[in-house]
Amino acid sequence: NQDDYIQGIWDNSPFIAWIHNISKNQMKYLNSKIKDLNLGHEMRFIMGIYDNPGISQDDLVVMFGQSKANVAKSLKKLEDQGYIQREVNPENRRKYMLKTTSKGNELVPKLRKISKDWEVEVGITDEDYELKKRIKEIAINGMKLTEEL
């Protein structure tokens, strides 16, 4: 039975493999709903910028645990597509502050709606608040643990 086989794999898998699987499947779902936009994990970056106007590229590297090169490539794509813009930080002229454009501001609520639809489909409910809070704490602890590595 296929379900028994899958369950056996999961019983022996590390917790982080489950989180990775959830993340990958959510991205697959989001991409299926907005195929025409040609966005992948850039969706997460645009939401991070939308929620944190003025955030720096370095902040995104820490927030998402991605390489500087990967983040730079994604930001270039978002900028070229007109979703974000960079402004020189007046306090440090070598750094840029990122913000969403009006096009980005229109996109993010749509992405959030699709993301919420996915949560409903997979069974994430308001009762899962404590679980979400705990996973967020673990993510923050992971960022702190690795920020100097």
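The values are calculated or read from the model by the stated rules, or taken from the named source; none is laboratory data. What you are looking at is a predicted structure, and each value in this text was computed from that prediction instead of being measured. Neighbour counts are summed over all protein chains in view; Cβ atoms, including those assigned to glycine, are modelled from backbone coordinates with ideal geometry. When the accessible area is computed, the model is the full protein with side chains, heavy atoms only, and any ligands, DNA or RNA have been set aside. Shrake-Rupley method; radii C 1.70, N 1.55, O 1.52, S 1.80 Å.
About its Cα centre, the dipole of region 99-149 is roughly 340 debye, where the only charges are +1 on Lys and Arg Cβ and -1 on Asp and Glu Cβ. For region 27-69, the Kirkwood hydrodynamic radius comes to 11.3 Å, computed from all pairs of different C-alpha atoms.
Amide H contacts for M97 (H built 1.01 Å from N in the peptide plane; partners 5 or more residues away or on another chain; cut-off under 5 Å): E87, V88, N89.
Accessible area per residue (1.4 Å probe, heavy atoms of protein chains only) ranks W118, W18 as W18, W118, with the largest value leading.
In this simple spin-label approximation, K132 and N89 carry label points 7 Å from Cα along the Cα→Cβ vector, and these lie 3.0 nm apart. A Cβ-based charge dipole, computed about the Cα centre of the chain with Lys and Arg at +1 and Asp and Glu at -1, lands at about 780 debye.
At the residue level, H20 shows approximately 110 square angstrom of accessible surface with a 1.4 angstrom probe and all protein chains present. Only alpha carbons enter this Debye calculation for the chain, each as an equal point scatterer, and the log10 of I(q)/I(0) it gives at q = 0.13, 0.21 Å⁻¹ is -0.72, -1.48. Projecting the Cα atoms of L78, T146, V122 onto the dipole axis of region 45-149, where Lys and Arg carry +1 and Asp and Glu carry -1 at the beta carbon, places L78 farthest toward the positive end. Label separation (N70 vs S115): 1.7 nm, computed from points 7 Å beyond Cα along the C-beta direction. The Kirkwood hydrodynamic radius of region 60-123, based on inverse pair distances between different Cα atoms, is 13.6 Å. With 5 Å bins beginning at zero, the pair-distance distribution over Cα atoms of region 103-149 amounts to 5, 18, 14, 16, 18, 17, 10, 2 %.
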